[in-house]
1. Need one number: % antiparallel among DSSP beta bridges in the chain, to the nearest 5.
2. Does anything in segment 30-73 have its amide N under 13 Å from the 7 Å Cα→Cβ label point of residue 307, and if so which residues?
3. Could you state the number of Å between the C-alpha centres of segment 67-108 and segment 238-306?
4. Between residue 193 and residue 105, what length comes free when the chain is fully extended (0.36 nm per residue of separation minus the Cα-Cα distance, one decimal in nm)?
5. Under the definition of Cα pairs under 8 Å and six or more residues apart, what whole-number percent is the relative contact order of the chain?
6. Tell me the label-point distance for the pair residue 246, residue 82, using the 7 Å Cα-to-Cβ offset, in nm and rounded to one decimal.
7. Could you tell me what percent of the DSSP beta bridges with both partners in segment 250-400 are antiparallel, to the nearest 5?
8. Full extension from residue 161 to residue 235: what is 0.36 nm times the residue separation minus their Cα-Cα distance, to one decimal in nm?
């Protein structure tokens with residue numbers, strides 16, 4: 001039996017993906033524990049996966065909630081700087097607290113989210129084997145692949161390569177506060193130089209929620225890089241219990257757990273769908289007050305709910321309007337549902353670019369698109385079967401990729417082969 005530590009950023013989608021792997025490992029007789037500040041315990045579902053609080057709870061109270069609020073709506077450059085500052089402070093706290101916590105808890109291997117460097121740094125400092133998991137788009141760098149946060153389409157010409165290089169330079173400039181923190185903590189822990197998150201990936205195994213059909217064509221993936229598809233719990237989604245209108249096509253709209261407060265965007269989506277004579281289901285994930293949610297509703301045309309079982313909802317949908325979160329995009333492909341991507345933040349521009357590249361949907365600007373443009377895009381998705389066919393092709397590959405079960409296989413085999421220190 002191995003005791004696995006799980007370390008990742010305190011975002012709901014990241015914790016859910018890591019927990020899906022952890023549940024598989026626990027079912028095989030292992031132990032699995034999340035390590036993070038106390039407030040992050042709310043992101044771990046009750047069950048066999050444990051949670052261990054680290055750091056000073058008196059100083060941390062309420063900081064996860066505040067960090068998520070800033071990340072959901074960073075605003076301009078100053079707001080973005082604060083979000084990067086939040087990440088930097090969390091990485092510093094974890095790097096300082098995890099060594100003692102891991103030793104005291106008897107941790108033997110670490111499962112690290114690519115977007116949090118602390119797990120990898122501390123694992124290497126303690127000589128523990130660790131595996132990297134890309135819960136978002138992979139951050140692995142390759143000259144011909146744009147960074148996942150960039151909206152660029154895939155191309156191979158000189159101008160495209162220059163665009164990718166230039167945008168990477170801008171990104172690295174913005175991320176300097178985090179990069180400095182990573183470098184300082186690596187030095188404090190006695191490790192070699194680290195330039196950023198991309199320098200903190202496992203030399204043993206790297207796992208991605210994507211599949212090859214849903215990524216730009218990589219020419220230089222690490223030999224230990226594994227596309228396993230969506231990381232989902234073993235339990236099935238509950239059935240869908242919504243009174244959908246008969247005889248109408250169904251459009252599902254969701255902006256995810258952090259962006260569901262965007263009332264103005266939901267209004268544009270609703271206006272677009274009313275002109276198409278479809279049944280629209282909006283899931284705001286708690287982002288709207290009951291009064292605002294009711295103001296969007298139109299009996300028989302627009303239904304607004306707090307949340308729905310997403311996979312069950314997509315199984316009934318004919319198209320989905322999405323913020324281009326990776327989880328929603330992959331679930332839509334499994335259901336064979338074409339997407340209208342309205343990316344807002346994080347790696348969503350990169351996900352949207354991959355949706356378009358794969359032929360599984362269309363993309364518009366969440367900020368600037370009009371109701372008329374949304375209606376035109378949705379009409380194309382509903383009327384042209386090629387979009388749904390492309391989504392289904394990706395879904396077939398996802399069905400063959402192995403998901404959480406294969407991820408657990410890789411982690412179990414890798415850590416069994418590598419019980420001692422990994423290179424610093």
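1. Numbers: 2 of 43 bridges.
Once the DSSP bridges in the chain are tallied, antiparallel ones form about 5 percent.
2. 42-46
3. 33 Å
4. Working: separation 88, 0.36 × 88 = 31.68 nm, distance 2.81 nm.
Extra length available between residue 193 and residue 105 comes to 28.9 nm.
5. On the way: 830 pairs, mean separation 71.3, N = 424.
Reported relative contact order: 17 percent.
6. That separation, rounded to one decimal, is 5.2 nm.
7. On the way: 1 of 20 bridges.
Of the beta bridges lying entirely in segment 250-400, close to 5 percent run antiparallel.
8. Numbers: separation 74, 0.36 × 74 = 26.64 nm, distance 4.32 nm.
So the chain would gain 22.3 nm between residue 161 and residue 235.
A short reminder: the numbers here are calculations on the coordinates, not readings from a lab. These numbers come from a predicted model, not from an experiment. Note that each Cβ is placed from the backbone with ideal geometry, even for glycine, and that neighbours are counted across all protein chains shown.
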